[in-house]
Amino acid sequence: MARKRRRRKSTADTVVRQVPEDSSMTSRKRARARADRRPAERRSGSAPLLRLEEVTKTYQMGEVEVGALQGVSLEIGKGEMVSIMGPSGSGKSTLMNIIGCLDVPTSGSYFLDERDVGALSDNRLADIRGRQIGFVFQTYNLLPRMSARANVELPLTYTSGRGRRRRAQEALERVGLADRASHKPTELSGGQQQRVGIARALVKEPAIMLADEPTGNLDSRSSEEIMDVLKSLNRDQRLTVIIVTHEEDIAAQTDRVISMLDGKVVRDGRTSRQSR
Amino acid sequence: MNPLDTFITALSALTSNKMRAGLTLLGIIIGVTAVIVLMALGRGVQTSITSSIEALGTNLVTITPGSSETGGFGEVRLLAGRAGAGRQEAKLTLTDAYALLDPVMAPSVVAVAPEKSSGGQIVAGGTDFGAQVLGVTPEYADVRNSKVKWGEFVSAGHVRNNSSVVVLGSGVSETLFGMRSPVGQTVRINGKQFTVIGVMESQGGGFFGGFLDQQVYAPLTTVHYRMSFDRTTRGDIPVDTINVQASDVESVDKTIEEVTAALRISHRITGDDDFTVTSQQQTIQSIQQATNAIVVFLGSIAGISLLVGGIGIMNIMLVTVTERTREIGIRKAMGAKRRDILFQFIVESALLSLTGGLIGLALAYGVGALLDGQQIFGEGSEPFVSVIDRGIVMLALGVSVGIGLFFGIYPATRAARLHPIDALRYE
Ligand SMILES: Nc1ncnc2c1ncn2[C@@H]1O[C@H](COP(=O)(O)OP(=O)(O)OP(=O)(O)O)[C@@H](O)[C@H]1O
Ligand SMILES: [Mg+2]
């Protein structure tokens with residue numbers, strides 16, 4: 001395993017050499033350069049919604065240490081729609097988990113809304129997840145015993161939200177599933193289940209929507225539906241959306257693509273969509 | 001998460017697997033039912049014994065040979081040792097008994113009734129019956145609150161003449177002669193002929209009363225000279241027990257003092273007493289202590305099945321937590337805090353055990369309704385269901401919920417401690 005990792009590292013080096021414009025810059029320069037390209041943030045003139053500084057994540061697998069993230073620094077502003085790409089094992093999910101406060105960095109720091117997440121207790125992390133982060137999973141992760149509406153209500157039960165039923169119904173309407181509210185997940189198609197998953201993520205009116213391969217299990221038609229929903233949320237509500245994907249055409253629908261390899265960001269750039 | 005949501009979540013989790021929940025419940029149901037029924041049984045026996053003893057008169061004081069120290073449970077021996085007490089080294093005699101009637105030494109004593117027992121095989125017609133023969137004086141019936149149903153009791157003349165007469169306990173009479181009056185009939189006790197002169201009223205059934213109904217009464221002198229080989233050097237008649245009647249309940253303590261003082265003088269005692277004086281109240285107390293132990297013992301035996309039920313809950317909760325690892329991960333990703341998950345599973349197991357407890361309680365009442373209190377605790381007893389008192393019910397329900405909490409905490413803690421990422425990855 002160790003040998004494999006070393007070999008992977010060398011590939012990473014070659015890749016980095018292929019994109020000199022990014023790797024040659026200091027991280028501060030890079031951040032400034034990126035900030036220049038970010039219209040949403042420039043407009044508000046405020047600090048970025050989330051900022052990672054030299055974040056590493058190391059997993060201990062018996063004797064071997066796995067560096068899932070090896071020093072990731074990036075900023076994402078409010079209202080951005082970002083996709084993260086990279087080969088399997090490059091650390092995309094690990095990064096998403098840290099951004100989503102499901103996990104904390106081994107070293108480095110992560111600021112969400114200028115607040116250092118690494119210093120927070122388990123309970124505070126849970127609270128942030130409950131109020132500010134909306135997760136969309138590749139495998140939907142709906143609770144099978146509950147109706148679609150009960151699934152959508154679930155996050156609100158942990159944050160003592162008022163008008164739960166109404167808000168859940170509205171969220172379902174937003175994803176076009178108002179008429180399926182009382183269906184169990186097993187009575188819905190994959191695409192519909194994923195839309196319930198999105199409704200569940202947006203019902204709390206989160207600051208960030210995190211979707212780890214949301215279309216990974218879907219056919220192209222359903223994928224399009226999902227992307228349409230996510231894009232409209234980003235456009236209409238200025239919701240920050242981060243999508244992990246393996247598909248170029250999905251990434252092409254976002255403003256910005258972050259490429260990862262072996263636990264590092266190897267490319268971070270605008271797509272042609274930015275001129276929307 | 002608010003309590004109602006927690007409750008609903010736990011309930012829907014339980015109802016989603018009814019078969020499993022039902023089987024887990026069964027363990028608790030059986031345990032709770034067993035605890036309640038057995039404890040009620042013990043409590044009923046206790047009440048029955050106590051009331052039988054109280055029926056004998058609350059102003060009764062009994063004297064038995066042997067000190068309470070050397071004799072162990074001096075008071076309890078009254079019950080168990082009627083036959084055995086005579087074998088004690090120390091002796092009480094008829095002279096001791098009548099000395100207590102001295103109005104100067106013991107002014108509170110109203111009556112004295114010595115007794116001496118012997119085993120006997122009674123034969124009447126073709127029926128053969130092993131009974132306890134109690135040698136008594138005429139005062140016995142009064143002092144022990146016993147009434148004659150047919151015929152008469154042992155008289156002073158019978159005692160003076162060592163007459164071969166016998167008064168049967170109601171149970172004995174029934175066994176030997178059925179419902180007819182046996183007065184005037186002859187029975188053979190240990191081969192000797194006795195004339196039946198009377199039959200006693202039933203002592204109220206139950207454990208203790210039933211025991212009294214199985215006795216027969218003969219003149220004390222007859223038992224001594226014709227049925228026992230117990231002799232004293234001075235030719236006095238040794239007795240097993242001296243029943244002393246105090247003038248009323250209030251003077252019981254005074255009577256004890258007087259009787260003790262009188263006996264110390266006549267026995268020339270300077271050190272430890274060679275006799276034990278017990279009031280009926282003390283007897284009831286020590287019997288209650290002994291039967292309390294029985295109640296607790298029965299409860300604990302049944303409690304083991306409740307414990308097994310609790311382990312069943314823990315087992316099923318551990319399986320549930322493992323099965324629902326992914327669900328726990330999802331809930332945590334949605335903002336559930338540790339305590340939300342903890343409560344969800346604790347409530348689930350407490351709900352299981354409380355439901356089991358309630359069903360067990362209902363079942364115990366059902367079983368109680370089927371049991372015949374009259375048959376178990378004797379005639380005149382309350383119905384069985386009524387001995388299931390509030391204390392027993394609270395105890396059983398409390399213990400079952402406690403078991404649910406206790407055995408639920410470990411699985412719930414395990415669930416709450418799961419790392420969200422690990423839980424979400426779980427297949
Ligand atoms: N809990 C864990 N324990 C040990 N190693 C882990 C753990 N989670 C991730 N890793 C390792 O960290 C590295 C990055 O994993 P990650 O899941 O972030 O990859 P990914 O980019 O999401 O891949 P994929 O596209 O297949 O989802 C991998 O080498 C993986 O084996
Ligand atoms: Mg992944």
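Give, as a single signed number, the net charge of other residues whose beta carbon lies under 14 Å from the beta carbon of B:F129, with Lys and Arg counted +1 and Asp and Glu -1. Within the 14 Å Cβ shell, the charges total -2.
Using a Gaussian network model of chain B in which every pair of alpha carbons under 10 angstrom is joined by a spring, one finds that among B:V319, B:V167, B:V249 the greatest mean-square fluctuation is at B:V319. Each Lys and Arg adds +1 at its Cβ and each Asp and Glu adds -1 at its Cβ; summed about the Cα centre, the protein assembly as shown shows a dipole of about 4600 debye. Summarising the amide proton neighbourhood of B:V165: residues at separation of 5 or more, or on other chains, whose placed amide H is nearer than 5 Å comprise B:T195. Here the Karplus curve 6.51 cos²θ - 1.76 cosθ + 1.60, taken at θ = phi - 60°, turns the phi angles of segment A:163-178 into couplings of x, 4, 4, 5, 5, 5, 4, 4, 4, 5, 4, 4, 9, x, 10, 4 Hz, with x standing for Gly and Pro. In chain B, a dipole from Cβ-located charges (positive for Lys and Arg, negative for Asp and Glu) runs towards its positive end, and of B:L4, B:G398, B:A336 it is B:A336 whose Cα lies farthest in that direction.
The H on the amide N of A:S73, modeled in the peptide plane, is under 5 Å from the matching H of A:E54, A:V55, A:V265, each at least 5 residues off or on a different chain.
Farthest towards the positive end of the charge dipole of segment A:39-132, among the residues A:V66, A:V117, A:I128, is the Cα of A:I128, using unit charges on the Cβ of Lys, Arg, Asp and Glu.
By the count of neighbouring beta-carbon atoms within 10 Å, fewest first, A:S90, A:S109 end up ordered A:S109, A:S90. Electrostatic tally near B:V110: other residues with Cβ closer than 11 Å to its Cβ, Lys and Arg +1, Asp and Glu -1, net -3.
Prolate is the label for segment B:92-273, because a/c, from the alpha-carbon gyration tensor with a ≥ b ≥ c as root eigenvalues, is 1.5 or above and a/b exceeds b/c. For A:K264, a cut-off of 15 angstrom between C-alpha atoms picks up these aspartates and glutamates, skipping any fewer than 8 places away in its own chain: A:D13, A:D22, A:E53, A:E54, A:E75.
Positive contributions from Lys and Arg (+1) and negative ones from Asp and Glu (-1), summed over other residues with Cβ under 15 Å from the Cβ of B:F407, come out at 0. Within straight cross-link reach of A:K231, meaning Cα distance under 22 Å, which lysines are found once same-chain residues fewer than 8 apart are removed? In chain and number order, the partners are A:K78, A:K92, A:K204.
When B:M334, A:M227 are arranged by Cβ crowding within 10 Å, least crowded first, meaning fewest neighbours, the order is A:M227, B:M334.
Taking every pair of Cα atoms in chain B, average 1/r, invert it to obtain the Kirkwood radius, and report Rg/Rh to two decimals. Taking Rg over the Kirkwood Rh, I get 1.21. Annotation for segment A:94-194: trypsin sites (Lys or Arg not before Pro) lying in DSSP loop with at most 11 further Cβ atoms inside 10 Å of their Cβ are A:R162. Classify segment A:55-94: rounded, prolate or oblate, from the alpha-carbon gyration tensor (a ≥ b ≥ c, eigenvalue square roots; a/c under 1.5 rounded; otherwise prolate if a/b is larger than b/c)? The shape class here is prolate.
If R0 equals 22 Å, the separation of the Cβ atoms of A:S109 and B:H419 corresponds to a calculated FRET efficiency of about 0.60. Computed over chain B with a Gaussian network model linking Cα atoms closer than 10 Å, the most mobile of B:Q203, B:Q288, B:Q121 is B:Q121. Of the residues B:G125, B:G309, B:G366, the one that moves most in a GNM of chain B with alpha-carbon contacts below 10 Å is B:G125.
Would you work out if segment B:215-274 is rounded, prolate or oblate? Take a ≥ b ≥ c from the square roots of the eigenvalues of the alpha-carbon gyration tensor; rounded if a/c is under 1.5, else prolate when a/b is larger than b/c, oblate otherwise. Note, shape of segment B:215-274 comes out oblate. Once the Cα atoms are used to define both axes, helix B:390-417 deviates from the longest principal axis of chain B by about 30 degrees.
Among the trypsin sites (Lys or Arg not before Pro) in segment B:277-347, none sits in a DSSP loop with a Cβ that has at most 14 other Cβ atoms within 10 Å. Kirkwood radius and radius of gyration were both taken over the C-alpha atoms of the protein assembly as shown, and their ratio Rg/Rh is 1.35.
So in segment B:92-273, what percent of DSSP beta bridges are antiparallel if you round to the nearest 5?
75 percent
Taking the number of Cβ atoms within 10 Å of each Cβ as an exposure proxy, the fewest-first ranking of A:K204, B:K147 is B:K147, A:K204.
Each value in this text was obtained by applying a stated rule to the coordinates, not by laboratory testing. Values in this document were obtained by computation on a predicted structure and should not be read as measured data. Every residue, glycine among them, receives a Cβ derived from its backbone with ideal geometry; neighbour counts consider all protein chains shown.
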